Amino acid sequence: MESLPSTQDIVVRLALSLAAGGIIGLERQWQQKPAGLRTHMMVGLGAAAFTLIALELHAAIVEAGSDVSRVDPLRFLQGLVGGIGFLGAGTIIRDRDSVHGLTTAASIWVAGALGAACGGGHYVIAGVTAGLALLILLVLGAVEHRMDDTSSDPDQVP
């Protein structure tokens with residue numbers, strides 16, 4: 001059986017979840033979106049804490065010799081993903097002709113995944129995911145804005 005993380009490792013995991021969520025949140029804050037730095041940091045931290053709690057509970061059940069065949073330590077992910085999806089859905093606004101907030105909702109969902117990865121000690125997954133998310137938000141966001149500017153100006157030739 002894998003040993004539980006030390007207190008120092010728990011602190012590192014929680015701190016990294018804050019940093020990972022903060023990376024995404026800074027971009028959202030910079031873009032003046034409704035869910036910014038603090039929201040993304042809180043989602044990442046909460047996801048990491050739930051992941052750590054699930055690991056601790058599973059280890060306690062195994063150590064106590066309980067019937068582990070009835071315990072699925074990954075079921076928390078199902079609830080976590082659903083709950084974060086519900087939170088992200090609150091950022092989506094539908095107008096008559098348009099929908100706003102989908103990218104912010106998706107970034108909240110990714111912040112939760114970053115937190116879960118950090119809480120589980122999967123730092124490579126968290127780092128690569130954070131980097132790719134920033135690439136999507138910053139680089140592809142700029143490309144989208146240019147495409148929108150070009151398509152909205154009928155006198156401009158692409």
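Tell me which residues, restricted to segment 1-51, are part of a loop (DSSP other than H, G, I, E, B), in contact (Cβ under 8 Å) with a residue 24 or more places away in the chain and closer than 14 Å to Val110 by Cα. Matches in segment 1-51: Ala35 only. Every listed requirement among (1) more than 18 Å from Ala117 (Cβ to Cβ); (2) among the polar types (S, T, N, Q); (3) surrounded by fewer than 19 Cβ atoms within 10 Å (Cβ to Cβ) is met by Thr91 save one, (3). Cβ-Cβ contacts under 8 Å between residues 6 or more apart (or on different chains), taken from a first residue in segment 131-143 that is surrounded by 11 or more Cβ atoms within 10 Å (Cβ to Cβ) to a second residue that is among the basic types (Lys, Arg), are listed as Leu137/Arg28. A Cβ distance below 6 Å, combined with a sequence gap of six or more or placement on separate chains, defines the contacts here; from segment 92-113, residues that are within 18 Å of Leu137 (Cβ to Cβ) reach residues that are part of a strand (DSSP E or B) in the pairs His100/Ile93; Gly101/Ile93. Being in a helix (DSSP H, G or I) and without any contact (Cβ under 8 Å) to a residue 12 or more places away in the chain: is that true of Phe86 here? In short, yes.
Taking the criterion of being under 14 Å from Gly44 (Cα atoms) and touching a residue at least 12 places away in the same chain (Cβ under 8 Å), would at least one residue in segment 60-76 satisfy it? No, segment 60-76 has no match at all. If you go through segment 114-126 and pick out every residue that is over 10 Å from the mean Cα position of the chain (by Cα), in contact (Cβ under 8 Å) with a residue 12 or more places away in the chain and either under 16 Å from Met41 (Cα atoms) or assigned to a helix (DSSP H, G or I) (or both), you end up with 3.
Computed from the coordinates by the stated procedures, all read-outs in this text should not be read as laboratory data. Model, not experiment: these values are computed from the prediction. Don't worry about glycine lacking a Cβ; one is built from the backbone with ideal geometry, like all the others, and counts go over all protein chains shown.
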